[in-house]
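**Q** Quick one: structure below, then a few questions.
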Amino acid sequence: MVEATKDLLSNPNTVRTWLVTHHPKQIALIDKFVMELRLGRLSASSKSKKSSMSSAEISKNYGGVTARDRRQVTFRTVELLRTLIGNTKWKNAAQLMALLRGIGKELHVAGGSKEPAIANIVMRIMCAVRDEVANAEASEQALVKSKAQKAIYESQKAMEPIDEDGGGGDAQLVASAHHHPAKPNQGMTRNLSLASMLWAHPQHLTMAKIGSSNVVASSNATRSKRSDSFSSVDSASGAPGTNEDCHFPPSFYVSRPNFRPAIMEAIQEIMLDLEDLHKNIDDQALAHIHAGEVILTYSRSKTVESFLKAAAKKRKFQVIVCEGAPHFGGHKMAQALAKVGIDTTVIHDSAAFAIMARVNKVLLPAHAVLANGGLVAPSGCHMVALAAAHNSVPLVCLTGMFKLCPMYPHEGQDTLQDLVSPSSVIEYAEMSDQVMSKVEFINPVHDYIPPNLINLYVTNIGAFQPSYIYRLLAEYYSNDDWGSFD
């Protein structure tokens, strides 16, 4: 058991072995989740009808996960993580972080570029763990500081001279100071600044020995904090920070009784955000869509569809839908909008540039939002974005914050592409023709749209310009967790 725990702390790759040994039921849940994700049968409910889809339908829908299912897939991921965190026997934050890294890496490999939101959710929970550790450490330090100050006050009060004759007190104090001059460091502890606490030598931070254990504890805590700033740990603290296999500060190895409920509460908040995602985005519809406007969108998106329906309750406008070949999701999108009385027109994808001069605003869905403000959207959206920029038409992206990815497109948009079988474009039997056999078919799934082509992101927490996206990363993710699953 001790060896297994040590492996869990030192290497997240051994998490599966640890789970198989100690939690076989939980590893079965992970295997079932990964299998459903790879087969394209993952949905909001295990009783969903999508589990009976044929292989042709699965291939056509790119792994069986369409845009309208992405939020439900993410919700299922949060449910899985909540079950694993609540039922596994981890003891401190370091073990929990290793557990999340191991599980997140396995889920990320299974989902790949099809579901980047899965890795985002895991990193968001890891950030919540770091925040809870920081809050607990701050509370503990504040408590120690309060006890130390109280002990100093009581000791100084006990050492005050008693003037029994009612006079000459000041003279006695002056005489005492003359015969017993103050030491250079005496009284320094009452005037410590932040700079002196961080950079002074440890002996300068040692408080006067007044016989109080609280003061000694405060002194040790101060020296320990100074050592942490240099990524070193006092050997007397007993924390495993000197072990090269550990990658967490000493505070992560402290067992806290209220830590598990705090993490479960943070996960519950994430689940509530996902449940209210469409509602929070729809509440902003009237601020972005006005009466008489012509709105252009591409293919089908549950978020865009719900946004337009919410605006149609109080506004009259026209919607132009690009059909989104080769899957033609725009046809179903137009049908759904027409049923609620929205004036809808379906056009070929190639006609987007010609019609753009009549358009007032472009609404696009998102597959992922990158750290530089760029957008990964369904294939064909880049063409629409270029047409909108040429005609100075505002381009607005509707997305949930769970699609915000801490990743930069350093190597260009080609590295963000995912090419799938061209079977959705041409039948395999037609490739036997001599002419067709010489044709190379490329079927990309996504397009990368640079931030300079995007005017606004409308999310479930508000509207932001692409230049502000990097600020949101600090609120949702920790820099230490970026690239944890690469």
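The values are calculated or read from the model by the stated rules, or taken from the named source; none is laboratory data. As the structure is a computational prediction, the values presented were derived from the model and not from experiment. Cβ: placed from backbone, ideal geometry, glycine included. Neighbour counts: every protein chain shown. Calculation scope for accessible area: heavy atoms of the full protein, side chains included, ligands and nucleic acids excluded. Shrake-Rupley method; radii C 1.70, N 1.55, O 1.52, S 1.80 Å.
**Q** Test of understanding: what is the full-extension gain from VAL340 to SER467, defined as 0.36 nm times their sequence separation minus their Cα-Cα distance?
**A** Gain on extension, VAL340 to SER467, equals 42.2 nm.
**Q** Quick check: with the 1.4 Å probe, what order do SER437, SER379 take by accessible area, largest first?
**A** From most exposed to least exposed: SER437, SER379.
**Q** Next up: Take ARG38, ARG124 and sort them by solvent-accessible surface of the protein heavy atoms, 1.4 Å probe, largest at the top.
**A** Order by accessible area, largest first: ARG38, ARG124.
**Q** Once phi is turned into θ = phi - 60°, what whole-Hz ³J(HN,Hα) does the Karplus curve with 6.51, -1.76 and 1.60 give for every residue of region 333-343, x standing for Gly and Pro?
**A** Running phi through 6.51 cos²θ - 1.76 cosθ + 1.60 with θ = phi - 60° gives 4, 5, 4, 5, 6, 5, 5, 9, x, 8, 5 Hz.
**Q** Sticking with this structure for a sec: Heavy atoms only, 1.4 Å probe, whole protein assembly: order VAL420, VAL396 by accessible area, highest first.
**A** From most accessible down to least: VAL420, VAL396.
**Q** Suppose the chain between ARG38 and VAL445 were pulled fully straight at 0.36 nm per residue; how much longer would it get relative to their current alpha carbon spacing?
**A** Working: separation 407, 0.36 × 407 = 146.52 nm, distance 1.67 nm.
Full-extension gain reported as 144.9 nm.
**Q** Pop a pseudo-label 7 angstrom from the Cα along the beta-carbon direction at both VAL425 and HIS23 and give the gap in nm to one decimal.
**A** It works out to 4.4 nm between the two label points.
**Q** While we're here: Based on the Cβ-Cβ distance of LYS314 and ASN452, what FRET efficiency does E = 1/(1 + (r/R0)^6) give at R0 = 35 Å, to the nearest 0.05? Could the numbers behind the result be given before it?
**A** Values: r = 33 Å, r/R0 = 0.94.
After rounding, the FRET efficiency stands at 0.60.
**Q** Which three lengths, in whole Å and largest first, does region 349-390 cover when its Cα atoms are put on their principal axes?
**A** Cα extents, longest axis first: 32, 17, 14 Å.
**Q** Would you kindly find the accessible area of TYR476, with a 1.4 Å probe and non-protein molecules such as ligands, DNA and RNA excluded, rounding to the nearest 10 Å²?
**A** Taking all protein chains as shown, TYR476 has close to 30 Å².
**Q** Same structure, new question: Cβ under 12 Å from ALA312's Cβ, ALA312 left aside: what net charge do those residues give with Lys, Arg +1 and Asp, Glu -1?
**A** Details: positive: LYS309, LYS313, LYS314, ARG315, LYS316, LYS339; negative: ASP282, GLU293, GLU305, ASP343.
Result for the neighbourhood of ALA312: +2.
**Q** Please name which of LEU364, VAL420, ALA377 has its Cα lying farthest along the dipole of region 357-435 towards the positive end, using unit charges on Cβ (Lys, Arg +1; Asp, Glu -1) and the Cα centre as origin.
**A** LEU364
**Q** Ranked highest first by average number of other Cβ atoms within 10 Å, how do 385-391, 299-305, 346-352 line up?
**A** 299-305, 385-391, 346-352
**Q** Shifting gears a bit: List the residues whose amide H sits under 5 Å from the amide H of LEU456, counting only those 5 or more places along or on another chain, with H placed 1.01 Å from N in the peptide plane.
**A** Those qualifying (amide H under 5 Å, at least 5 residues apart or on another chain) are LEU395, CYS397.
**Q** Okay, moving on. Can you give the accessible area of GLU275 in Å² (nearest 10), computed on protein heavy atoms with a 1.4 Å probe?
**A** Accessible area, nearest 10 Å²: 100 Å².
**Q** At 1.4 Å probe size, with no ligands or nucleic acids counted, give the accessible surface of ILE461 in Å², nearest ten.
**A** Counting only protein heavy atoms, the figure is 80 Å².
**Q** Separate question: Which three lengths, in whole Å and largest first, does region 300-446 cover when its Cα atoms are put on their principal axes?
**A** 56, 36, 29
**Q** A follow-up question, please. Within a Cβ distance under 10 Å of ALA285, other residues only, what is the Lys/Arg minus Asp/Glu net charge?
**A** So the environment of ALA285 carries a net charge of +2.
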